[in-house]
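What follows is one structure encoded as structure tokens, with my remarks underneath.
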Amino acid sequence: PFAGPQIVVSVYGPDFFGHDVVRGYGAVHVPFTPGRHTRTIAMFVPESTSRLQKFTSWFTGRRPEFTDPRVVAQGEGREVTRVRSQGFVTISFNVV
């Protein structure tokens with residue numbers, strides 16, 4: 001079923017060592033009705049599955065991240081991916 005267009009948001013920022021790492025992913029459907037719309041997107045980040053992987057990724061600065069933004073938009077197959085909630089992003093739409 002067609003659910004309409006979505007905006008996928010990927011937020012990056014520096015970690016303690018200055019490496020550019022993912023801070024969060026999120027997606028929201030674009031509203032169809034005319035007017036001003038505000039949406040709050042719950043952000044999440046993928047997590048390593050073991051303590052050793054967590055330490056290695058922290059130490060090397062290579063944290064888990066999605067290579068394809070469609071993973072964020074579709075949600076299909078994400079039930080097997082471990083993620084952690086990571087804040088919110090608020091966006092506004094002006095639909096004509």
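What angle, in degrees between 0 and 90 and rounded to the nearest 10, separates the Cα long axis of helix 51-60 from the longest principal axis of the Cα atoms of the chain?
90 degrees
Given a 1.4 Å probe, how much area per residue of the chain is accessible, in Å²?
So the chain comes to 72 Å² accessible per residue, rounded to a whole number.
If packing is taken as the average number of other Cβ atoms within 10 Å across a peptide's residues, how do 21-30, 8-17 rank, most packed first?
Final packing ranking: 21-30, 8-17.
Can you work out the PRE-style zone for Thr81? Point 7 Å along Cα to Cβ, and I want the residues of the stretch 12-51 with backbone N under 18 Å.
Of the residues in the stretch 12-51, 12-13, 21-29, 41-50 have backbone N under 18 Å from the label point off Thr81.
With Cα Rg over 2.2 N^0.38 Å as the read-out, I listed (1) 1.25; (2) 1.16; (3) 1.06; which label goes with the value calculated from this structure?
Of the labelled values, this structure produces (1).
Please report, as a whole percent, how much of the solvent-accessible surface of the chain comes from carbon and sulfur atoms (probe radius 1.4 Å).
The computed percentage sits at 56.
So for the chain, averaging the separation of alpha carbon pairs under 8 Å that are six or more residues apart and normalising by length, what relative contact order in percent results?
Relative contact order for the chain comes out at 35 percent.
The values are calculated or read from the model by the stated rules, or taken from the named source; none is laboratory data. Model, not experiment: these values are computed from the prediction. Here the Cβ is made from the backbone with ideal geometry for all residues, glycine too, and neighbour counts use every protein chain on show. Surface accessibility is based on the protein's heavy atoms, side chains included, excluding ligands, DNA and RNA. Shrake-Rupley method; radii C 1.70, N 1.55, O 1.52, S 1.80 Å.
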